Amino acid sequence: MFGFLKRKKRKNEAAEVHDEASQDLTAAVEAGDEPSAPAESAAESGQSAPPAPEPARETAPSNRAVADGPSAEPASDDDRLRQESVAQSAASSTTPAVATPKPEQSGSLFSRLAKTRSGLTEGLGDLFLGKKQIDDDLIEELETRLIMADVGQATTAALIAELTDEVSRKHVNDPEHLFETLYRLMVERLEAVQPTEPPARRQSGRPHVMVVCGINGGGKTTSIGKLAHRFKAEGRDVTLAAADTFRAAAVEQLISWGERNDVRVIGEPGRGDPASVAFDAVSSAKARNSDLLIVDTAGRLHTQSGLMDELGKLIRVIAKAEPEAPDEVLLVIDASIGQNALVQARQFNQAVTLTGLIVTKLDGTAKGGIVFAIADELGLPIHFIGVGEKAEDLRPFEPRAFVDALLDRQPD
């Protein structure tokens, strides 16, 4: 079941219990007013009502008698056990229970996609549980939520068309089943473009060459550093190529990541030709029998035709150094820019044939739905997603787990 429906049901049940308790209390108060009548009539007739017996005072058991002398009889084992049980019961009744942490606590994909999930599902519990049948208002509200999450006009229209078709065929007949169908359609869209198996990223007799491109500020160089951390942890011999020669800070940043992960970096500040850096890096990786070479490239806007041509040149030079390379050309896109990410992916794919995507900053945006628009239009698989600042927060993309977190789907 979806979490927002669970929470709404629990809230409704709690409200019902509260109403019942209030009714019981009201009935008890009304019933308690009647026994006072005889006392009032006795007072009017001049007769005094018998005094109420004084309640017995409970005194806490004292250990003084035990300490005073041999005349006091020691408590038996049964008595001591009984007293300890009473003390424990009293303590448990006053100590608040500590909530068990949920599996979706900090660090999980579920917690990192909270902003996008909130935009999609906030308030849907009232809408879904308040309706017994599917109507135009419900469909329209779903459509609005999808567009606001940056799923995109075309993809949203296609999803809504499939949902309404399912409804018209009587395959879906209640709101909760409608949301289950939306979940299935979204998973199918992402799985359709994903490889059946993750790329092995191992080549026989040569390094696997991965070129990473993107615009400035999208998290490109940081993602390369995190990839180096991941592959190094897997036991790979990794080499990095600092071919972003247009920005000296990028070279220094990559060298810093290399030192942190004990990974070789080819390139240094001051070199002006990115293609020559890439060529040297391929030659060095082959000579050292590296398993993997990751090439950083200059950040560029998709509208800068000169720089886009430069990227194409760099890839051709890599192919001269190793005819079968590059094996992958990955585009890093910033999920927080929404539909602009789709425009970027389209333009980069035209300039150089992309093989996949790395989607960053999903933890800080309410626009995570952009991955569906890109999958729909370009058919590009998503290999990794960034959901935090730590090296471990660049994670392999799993469509079903992503949609689970996005739509608040939880085990029953």
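Could you list, in sequence order, the residues of segment 297-316 that are open to solvent by 10 Å² or more (accessible area, probe 1.4 Å), polar (S, T, N, Q) and outside any helix (DSSP H, G or I)?
Selection gives T303, Q304.
Just to be sure before I move on: is D150 open to solvent by 40 Å² or more (accessible area, probe 1.4 Å), out of contact with any strand residue (DSSP E or B) (no Cβ under 9 Å at 6 or more places or on another chain), over 15 Å from L185 (Cβ atoms) and modelled with pLDDT under 95 in the structure I sent?
Criteria not met by D150.
Give the residues of segment 256-269 that are closer than 14 Å to T297 by Cα, in contact with a strand residue (DSSP E or B) (Cβ under 7 Å, 6 or more places away or on another chain) and open to solvent by 30 Å² or more (accessible area, probe 1.4 Å), sorted by residue number.
Those that are closer than 14 Å to T297 by Cα, in contact with a strand residue (DSSP E or B) (Cβ under 7 Å, 6 or more places away or on another chain) and open to solvent by 30 Å² or more (accessible area, probe 1.4 Å): V265, I266.
Which pairs do you get when a residue that is among the charged types (D, E, K, R), found in segment 137-165, comes within reach of a residue that is outside any helix (DSSP H, G or I), reach meaning Cβ atoms under 7 angstrom, with the pair 6+ apart or on two chains?
These pairs meet every condition: D150/G338; D150/K367; D150/G369.
May I ask you to list the residues in segment 393-412 that are assigned to a strand (DSSP E or B) and either open to solvent by 10 Å² or more (accessible area, probe 1.4 Å) or modelled with pLDDT under 90 (or both)?
Passing the criteria: R395, P396, R409.
Would you mind stating whether I358 is closer than 21 Å to H229 by Cβ and crowded, with 24+ Cβ neighbours inside 10 Å?
So I358 fits the description; yes.
Only residues that are farther than 23 Å from L182 by Cα and of a type in the set (F, W, Y): list them for segment 374-406, please.
Passing the criteria: only F384.
Listed here are the residues, each with its yes/no results for (1) within 14 Å of P269 (Cα to Cα); (2) over 24 Å from the mean Cα position of the chain (by Cα).
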| site | (1), (2) |
| --- | --- |
| G214 | no, no |
| H229 | no, no |
| D237 | no, yes |
| A242 | yes, yes |
| R247 | yes, yes |
| A250 | yes, yes |
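For segment 352-366: of the residues being within 18 Å of T222 (Cβ to Cβ) and part of a loop (DSSP other than H, G, I, E, B), which is modelled with the highest pLDDT?
K361
Of everything in segment 275-296, what is out of contact with any Leu (no Cβ under 8 Å at 6 or more places or on another chain), crowded, with 21+ Cβ neighbours inside 10 Å and among the hydrophobic types (A, V, I, L, M, F, W, C)? Give them in sequence order.
V277, L292, listed by residue number.
Among the listed residues A161, A241, which satisfies the condition of being open to solvent by less than 70 Å² (accessible area, probe 1.4 Å) and part of a helix (DSSP H, G or I)?
Result of the check over A161, A241: A161.
Regarding segment 145-158, can at least one residue be identified that is under 29 Å from the mean Cα position of the chain (by Cα), aliphatic (A, V, I, L, M), under 19 Å from L378 (Cβ atoms) and outside any helix (DSSP H, G or I)?
Looking for residues that are under 29 Å from the mean Cα position of the chain (by Cα), aliphatic (A, V, I, L, M), under 19 Å from L378 (Cβ atoms) and outside any helix (DSSP H, G or I), one finds at least one in segment 145-158, hence yes.
Take the residues of segment 166-200 that are touching a residue at least 24 places away in the same chain (Cβ under 8 Å) and part of a loop (DSSP other than H, G, I, E, B): which is nearest to V371 (Cα to Cα)?
Q194
When you check G272 against the structure, is it modelled with pLDDT under 95, in a loop (DSSP other than H, G, I, E, B) and open to solvent by 50 Å² or more (accessible area, probe 1.4 Å), yes or no?
yes
Might you let me know whether segment 374-392 holds any residue that is outside any strand (DSSP E or B), in contact with a His (Cβ under 6 Å, 6 or more places away or on another chain), modelled with pLDDT of 90 or more and over 23 Å from A158 (Cβ atoms)?
Scanning segment 374-392 turns up at least one residue that is outside any strand (DSSP E or B), in contact with a His (Cβ under 6 Å, 6 or more places away or on another chain), modelled with pLDDT of 90 or more and over 23 Å from A158 (Cβ atoms).
The values are calculated or read from the model by the stated rules, or taken from the named source; none is laboratory data. The structure displayed is predicted, hence computed values, not measured ones. Please note: Cβ atoms are built from the backbone with ideal geometry, for glycine as well, and neighbour counts cover all protein chains shown. Accessible surface is based on the protein model in full, side chains and every heavy atom, while ligands, DNA and RNA are left aside. Shrake-Rupley method; radii C 1.70, N 1.55, O 1.52, S 1.80 Å.
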